[in-house]
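Have a look at the structure below, then the notes.
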Amino acid sequence: MLIVLLVIAPLSMRAQDVPPTDSVQNWNWHIQSTVIAQGYPGFSAQYTGANSLTPGAQIKDTVSFDAMGGVRLWRGGEFFGDVVLWQGYGLSNTLGAAGFPNGEAFRVGVKFPDAYPCRAYLRQTIGFGGEKEESEDAPDDLRGSKDVRRLTLTIGHLSAKDIFDNNAYAADSRSQFMNWSLMANTAWDYPADILGFTEGVVAELNSHEWTERVGIFQVSKFANGMRMDWDLAKAWSSVMEVERRYSPRGHPGTIRLLTYDTRAHMGNYQDTIDNPSLEEDIFLTAAYRYKYGFGINMDQEIHKDLGVFMRLGWSDGKNQTYEFTDVDRTATAGVSLKGTRWRRPDDVVGLAQVVNGISAVHKEYLAAGGLGITVGDGGLDYRTERITETYYNWKLAKHYNLSFDYQFVQNPAYNHVRGPINLFALRLHMEY
């Protein structure tokens, strides 16, 4: 059903391709659909545990369909909503790698399409006058002008990743790199339910070259769970980011510095290790604790068709991974090139490298047989997890893109006696 929607939806909307005469947009609506088939031919493994990628060859698919819309409510006030229809499974039920290879795969899969209202939030923009800039029609924006110097307040149900840790070349698994480590800073255990969304409030102060953001969000009641914790005095996650924009020789670039502090009902690695009777069940040590970390995120245009990016991330690694994936240290870097030189200016080719690691006590916990959100082989011959990803995004038509993706994963889930793995994917994406 979703694949049919992917093909026919734009055919019924051609009238909207004509731009309106009014430059100020009072409402909009968009759709997207992404279909991914991903698999590998099999790999060697000395042993396989509860949270391992199975060594035998396999192919899995994921499908998503979003209906998104926005409406202007009053001066500076806007509302945006998004309902996603999704189905499918990640490889090995989205287990076996800290940098999981499919950004469209949730930690829960469904055999038949399921709907979820993933976004419903209000945004109020307060302008301070002076220079203006134009905003374009987009799923998270309405076309019109706004003050460059402004304060923006956002409240509601959304993804923290909608606002923080963006990157021009590595942020969207539907059109760019697919690996979790390349769509976000994996050392940021960002607040979210099992599908990646939460409730929160964000304030952004913008000027010509700087933006400062601060947000506070709900966390799950249980690690990587669907229910949220409403004991808001003890359970929350705050994040702050400072963004600096610049344009050396007319080539735009951005650097972002991020820090976070999460308070949640977490288990502790050392407490779990110290009590053998718990049998590495970290949930039995759960108490309201905190974890914190830092991140650096940079993108830079080198030429009008060529850009580079990098991320560095660190977290304290004392308490269990709570929301995202099992990474305490990460370093990523890559390059993105448009196809102008071979007369395909709308095509993009990307190449990136990832190195993920964990803290010493986290390593000891996994070696003792502990399980994380996506890793845990029942033992551990530790090495850093290393991932190389390359993709070619081919513009089929105005609304359609077909991507070919390859990932080479060494030491999946930090285990040297498993892999390496060659992963191949085909991705069809439509957006309107």
- Task: Take the stretch 245-268 and flag every residue that is more than 11 Å from Arg289 (Cβ to Cβ), surrounded by 14 or more Cβ atoms within 10 Å (Cβ to Cβ) and not aliphatic (A, V, I, L, M).
- Result: Arg245, His251, Gly253, Thr254, Arg256, Thr259, Tyr260, Asp261
- Query: For residues in the stretch 401-424 being crowded, with 23+ Cβ neighbours inside 10 Å and among the hydrophobic types (A, V, I, L, M, F, W, C), which is farthest from Gly96 (Cα to Cα)?
  - Reply: Leu423
- Message: Out of everything in the stretch 90-113 that is outside any loop (DSSP other than H, G, I, E, B) and polar (S, T, N, Q), what residue ends up being surrounded by the most Cβ atoms within 10 Å (Cβ to Cβ)?
- Response: Ser92
- Message: Can you tell me which of (1) at pLDDT 95 or above; (2) more than 20 Å from Gly215 (Cβ to Cβ) is the one Glu134 doesn't meet?
- Response: (1)
- Message: Looking for something β-branched (Val, Ile, Thr), part of a strand (DSSP E or B) and under 19 Å from Asn26 (Cβ atoms) - is there at least one such residue anywhere in the stretch 124-134?
- Response: yes
- Only residues that are surrounded by fewer than 21 Cβ atoms within 10 Å (Cβ to Cβ), more than 21 Å from Thr325 (Cβ to Cβ) and not aliphatic (A, V, I, L, M): list them for the stretch 362-400, please. Thr390, Tyr392, Trp394, Lys395, Lys398, His399, Tyr400
- Among the residues of the stretch 287-308, write down those that are in contact (Cβ under 8 Å) with a residue 24 or more places away in the chain and among the aliphatic types (A, V, I, L, M). Ile296, Met298, Ile302, Leu306, Val308
- Note on the structure: Taking the stretch 295-309 and keeping residues crowded, with 19+ Cβ neighbours inside 10 Å and either of a type in the set (Lys, Arg) or closer than 21 Å to Asp189 by Cβ (or both) leaves Gly295, Asn297
- Query: Just to be sure, is Lys146 outside any loop (DSSP other than H, G, I, E, B), of a type in the set (D, E, K, R) and within 27 Å of Glu385 (Cβ to Cβ)?
  - Reply: no
- Query: Inside the stretch 169-204, can you point out the residues that are β-branched (Val, Ile, Thr) and out of contact with any strand residue (DSSP E or B) (no Cβ under 7 Å at 6 or more places or on another chain)?
  - Reply: Ile194
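Listed here are the residues, each with its yes/no results for (1) modelled with pLDDT under 95; (2) in contact with a helix residue (DSSP H, G or I) (Cβ under 6 Å, 6 or more places away or on another chain); (3) closer than 28 Å to Asn319 by Cα.
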| residue | (1), (2), (3) |
| --- | --- |
| Leu153 | no, no, no |
| His157 | no, no, yes |
| Lys161 | no, no, yes |
| Phe164 | no, no, yes |
| Ala168 | no, no, no |
| Ser175 | no, no, no |
| Ala192 | yes, no, yes |
| Glu199 | no, no, yes |
| Val214 | no, no, yes |
- Query: Out of Asn319, Asn411, which single residue is on the phi > 0 side of the Ramachandran plot and in contact with a Lys or Arg (Cβ under 7 Å, 6 or more places away or on another chain)?
  - Reply: Asn411
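Here is a yes/no grid of residues against (1) among the aromatic types (Phe, Trp, Tyr); (2) more than 18 Å from Met183 (Cβ to Cβ); (3) at pLDDT 95 or above; (4) outside any loop (DSSP other than H, G, I, E, B):
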{"site": "Glu364", "(1), (2), (3), (4)": "no, yes, yes, yes"}
{"site": "Leu380", "(1), (2), (3), (4)": "no, yes, no, no"}
{"site": "Ile387", "(1), (2), (3), (4)": "no, no, yes, yes"}
{"site": "Tyr391", "(1), (2), (3), (4)": "yes, no, yes, yes"}
- Failed item, numbered, when Phe404 is tested on (1) touching a residue at least 24 places away in the same chain (Cβ under 8 Å); (2) under 24 Å from the mean Cα position of the chain (by Cα): (1)
- Spans of strands (runs of 3 or more DSSP E) in the stretch 1-89 with at least 2 residues at pLDDT 95 or above and among the basic types (Lys, Arg): 58-74
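The values are calculated or read from the model by the stated rules, or taken from the named source; none is laboratory data. Given the structure is predicted, the values throughout are model-derived calculations rather than measurements. We place every Cβ from the backbone using ideal geometry, glycine too, and count neighbours over all the protein chains shown.
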